[in-house]
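Read through the structure below, which is laid out as structure tokens, and then see the notes.
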Amino acid sequence: MSKVTETLSAEELGNKLLQSVKEMKAGKAARITEVEPNEVAEARSKTGLSQRQFADVLHISARTLQEWEQGRRKPSGAAKALIQIAFRHPEVIKEGLTLRG
């Protein structure tokens, strides 16, 4: 299947862009994407901690936490158990931050 490339004048392109902006402001979206947070992001959210704080309590790097939250990697072993505790009992995780500080 070949793609047809249309060449637009500057005025035509400007008009198309202006029409697109008007449609966006009117709430006419071509597509809506909703992203469900994964269990790690939900657990951290329940604690109310930043990524840095949550990573510090779990004794992991902020980058590792980001990888987990973005679904590129998954926690295993003890980390997985701590995430489950954070999800069920966020106050315990916040207490861990207080004890370290």
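Just so you know, all these numbers are worked out from the coordinates, no wet-lab data involved. This structure is a prediction, so every number in the text was calculated from the model and none was measured. We place every Cβ from the backbone using ideal geometry, glycine too, and count neighbours over all the protein chains shown.
Condition test on GLU67, is it touching a Lys or Arg at 6+ places or on another chain (Cβ under 6 Å) and acidic (Asp, Glu)?
Yes, satisfied.
Pick out the one residue from LEU8, LEU97, LEU49, LEU82 that is in contact with a Leu (Cβ under 7 Å, 6 or more places away or on another chain), assigned to a loop (DSSP other than H, G, I, E, B) and not polar (S, T, N, Q).
Checking each option against the conditions leaves just LEU49.
Taking segment 25-46 as the region of interest, how many residues are surrounded by 11 or more Cβ atoms within 10 Å (Cβ to Cβ) and either outside any loop (DSSP other than H, G, I, E, B) or hydroxyl-bearing (Ser, Thr, Tyr) (or both)?
Matching residues across segment 25-46 total 8.
Answer yes if at least one residue in segment 54-68 is charged (D, E, K, R), closer than 17 Å to ILE93 by Cβ, surrounded by 10 or more Cβ atoms within 10 Å (Cβ to Cβ) and within 16 Å of the chain's Cα centre (by Cα), and no otherwise.
No, segment 54-68 has no match at all.
Applying the selection to segment 52-79, what residues are under 21 Å from GLU36 (Cβ atoms), in contact (Cβ under 8 Å) with a residue 12 or more places away in the chain and outside any helix (DSSP H, G or I)?
Residues satisfying the conditions are GLY71, PRO75.
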